[in-house]
Amino acid sequence: MKVTVTRATKDDAVIIALLGRVTFDETFGHLFSDRQDLTDYFDRTFSVKKIQQGLEKQDNVFWLAYYGNLPVGYLKLKISSPNPFLGSNEHPAQLQKIYVLKDFLSKKVGRHLMDAMYEELKRTASGHLWLSVLNTNERAIGFYKKGGFSVLGEHTFSIGKENFDFIYLGKKL
Ligand SMILES: CC(C)(COP(=O)(O)OP(=O)(O)OC[C@H]1O[C@@H](n2cnc3c(N)ncnc32)[C@H](O)[C@@H]1OP(=O)(O)O)[C@@H](O)C(=O)NCCC(=O)NCCS
């Protein structure tokens, strides 16, 4: 089946909101002892309104990946985004989210999404690309390292009662 990637518009907010919730749950749901913490996070982060607002910001670009006719993944890029381990003269851009539905992992959907993002980054003045990944997310870390990212530093992040250890990865563009 063919994988295609399109740049998302605000009409895609419902699809992205749903993909956002389901893919986050598939990836990290098991790490939450209280399901309410997860659903509260979903309501804050993946409401259709919040995604619509995100799509309308000049600094964000979203892409959707289709497997045949099915939307199966998305990527969110923030073109200008500071990072504590990079100077502003390095013009850092942030790969904020890349998520593919579980049934469609390892089918090159992630790679197609990254290719679309790199095409866009050629048109921006970004000097570095960075992202934050849970330090136990081995599949994603392997995927990024294969793509040329290396470790910039560490940080923590809390959702509800759960505290998570993250690493920043970055690469020069
Ligand atoms: C991370 C993610 C986006 C990668 O997308 P994907 O569609 O599964 O990956 P692809 O099929 O495009 O793989 C691309 C390359 O990465 C490599 N790769 C994938 N998983 C890997 C792993 N665990 N270790 C090393 N390399 C890996 C593949 O071998 C492939 O290389 P190749 O093209 O040379 O064969 C996807 O796995 C995903 O959505 N995971 C769940 C959500 C998540 O963790 N998101 C990131 C949060 S920070």
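Values quoted throughout were computed directly from the atomic coordinates according to the rules given, and no laboratory measurement underlies them. In this text the structure is predicted, and so the values were computed from the model without any measurement. Reconstructed Cβ throughout: ideal geometry from the backbone, glycine too, with neighbour counts over all protein chains shown.
Odds and ends about this structure:
- The Rg/Rh ratio for the range 130-173 is 1.02, where Rg is the radius of gyration of the alpha carbons and Rh is the Kirkwood radius.
- Kirkwood hydrodynamic radius (C-alpha pairs) into Stokes-Einstein, the range 31-111, 10 °C and 1.306 mPa s, D in µm²/s: 107
- Think of the range 44-127 as having a plus end and a minus end, set by charges on the Cβ of Lys, Arg, Asp and Glu; of 96, 117, 80, 96 sits farthest toward the positive end of this dipole.
- Span-like helix ranges in the chain, DSSP H, alpha carbon extent 18 angstrom or more, Kyte mean at least 0.5: 13-28
- Modelled label positions at residue 120 and residue 6, each set 7 Å beyond Cα in the direction of Cβ, lie 1.5 nm from each other.
- Zero-based 10 Å bins, Cα pair distances in the chain, whole percents: 10, 37, 41, 12, 0
- Taking label points 7 Å from Cα along the Cα-to-Cβ direction, residue 34 and residue 154 give a separation of 2.6 nm.
- Computed FRET value (nearest 0.05) for residue 164 with residue 85, which takes r as the C-beta separation and R₀ as 22 Å: 0.75
- Dimensionless Rg over Rh [the range 1-46; C-alpha; Kirkwood]: 1.09
- Distance from the range 35-70 to the range 117-156 (C-alpha centre basis), Å: 20
- Principal axis box of the range 93-173, alpha-carbon based, largest edge first, Å: 40, 32, 21
- Within the shell of other residues whose beta carbon sits under 15 angstrom from the beta carbon of residue 67, the net charge comes to +4, with Lys and Arg scored +1 and Asp and Glu -1.
- Violating pairs (Cα-Cα greater than 23 angstrom) within the set 10/161; 2/49; 49/76; 146/171: 10/161; 2/49
- Per-pair calculated FRET efficiency, R0 = 35 Å: residue 137 and residue 48 via Cβ, rounded to 0.05: 0.85
- Dipole moment magnitude, nearest 20 debye, the chain about Cα centre, only Lys, Arg, Asp, Glu C-beta charged: 560
- The residues packed around residue 26, meaning those with a beta-carbon under 11 Å from its beta-carbon, carry a net charge of 0 if Lys and Arg are +1 and Asp and Glu are -1.
- Environment charge at residue 159 (Cβ cut-off 11 Å; Lys +1, Arg +1, Asp -1, Glu -1): -2
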